[in-house]
Amino acid sequence: MDPYVLIVEDDDNISEMMTFYLSEEGYIIERAGTGPEGLEMFEARKPHAIVLDIMLPGLDGISLCQQIRRKSSVPILMVSAKHEVSERVNALLVGADDYLCKPFSMREFAARIKALLRRSQLNGGAEQPGEREDISPIAIDVERRTLFVRGAAVETTFSEFEIIKLFYQNPGKVYSRDELLNRIRGFDSFVTERAIDVHIANLRKKVEADPKEPKYIKTVWGVGYKFILE
């Protein structure tokens, strides 16, 4: 069965362009022009992915995303003319899987949808509430440079993300401060061994239930740090 994508967008020109590009990829497309209409179509048809504009008549995209997330983990790509970092973070925090700022390349748009569907298939498809009890306590999305802690997106600095990405991709490996310094050198203006300790302390505050008794980011005395994810 070809993937079914629901587009909830009140700008007909943009909606038509999205439909054209996704149809070329073999997707089945349906469109809604308002928030309530989008919610109704979602509940009736159970799409494989949703494209959701933030500014919608009747029910805004943020509220619609929250309602959908109470019922499903269907991949959601949020689109908006709002470029502020706070808007992107808010969209991710309420449950969006990706965010594109208008205007954007339709080729990139189609690629983002393809990536969302691929990740969804790797994870076993859309889940219903209650199916994520075994969710990993810590996860990262390299493409979106996003850290997730118990399923919720958490803001990180560039250097913090580089460190947690290195840890996450190499669990159990011990890294000295020099190795971590080399990892972020060129991105961090104040790159010192003390800076590494500060980054580690900040990461622990974000991922650990008790930063003073870390479960995931462990200190290896006299050497450096390692990451444990059981």
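No value in this document is a laboratory result; all are computed from the given coordinates. Please read all numbers here as calculations on a predicted model, not as lab measurements. A quick note on method: Cβ atoms are made from the backbone with ideal geometry, for glycine too, and the neighbour counts reach across all protein chains shown.
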What is the P(r) of segment 4-122, as percent of Cα-Cα pairs per 10 Å bin from 0? 14, 53, 31, 1
Taking 2, 53, 60 and counting other C-beta atoms within 10 Å, the order from fewest to most: 2, 60, 53
Cα pair distances in segment 138-227, grouped into 10 Å bins until the bin that holds the longest one, percent each: 17, 56, 27, 1
Place a +1 charge on the Cβ of each Lys and Arg in segment 43-91 and a -1 charge on the Cβ of each Asp and Glu, then give the dipole magnitude about the Cα centre in debye, rounded to the nearest 20. 280
Sort 65, 101 by Cβ crowding within 10 Å, fewest neighbours at the top. 101, 65
Likely footprinting exposure, 78, 18, 55, fewest C-beta neighbours within 10 Å first: 55, 18, 78
Debye, to nearest 20: dipole size of segment 138-227, +1 on Lys, Arg Cβ, -1 on Asp, Glu Cβ: 180
Give, in whole angstrom and from largest to smallest, the semi-axes √(5λ) of the equivalent ellipsoid of the chain, with λ running over the eigenvalues of the Cα gyration tensor. 38, 18, 15
Hey, which lysines would be in cross-link range of residue 82, C-alpha to C-alpha under 17 Å, not counting anything within fewer than 8 residues on its own chain? 102
What does the extension gain come out to for residue 34 and residue 194, with contour length at 0.36 nm per residue minus their alpha carbon separation? 52.4 nm
Run the simple label-point estimate for residue 105 and residue 158 please: 7 Å along Cα→C-beta, distance reported in nm. 2.1
All lysines inside 24 Å of residue 165 as judged from Cα atoms, apart from same-chain residues fewer than 8 positions distant: 114, 173, 205, 206, 212, 215, 218, 226
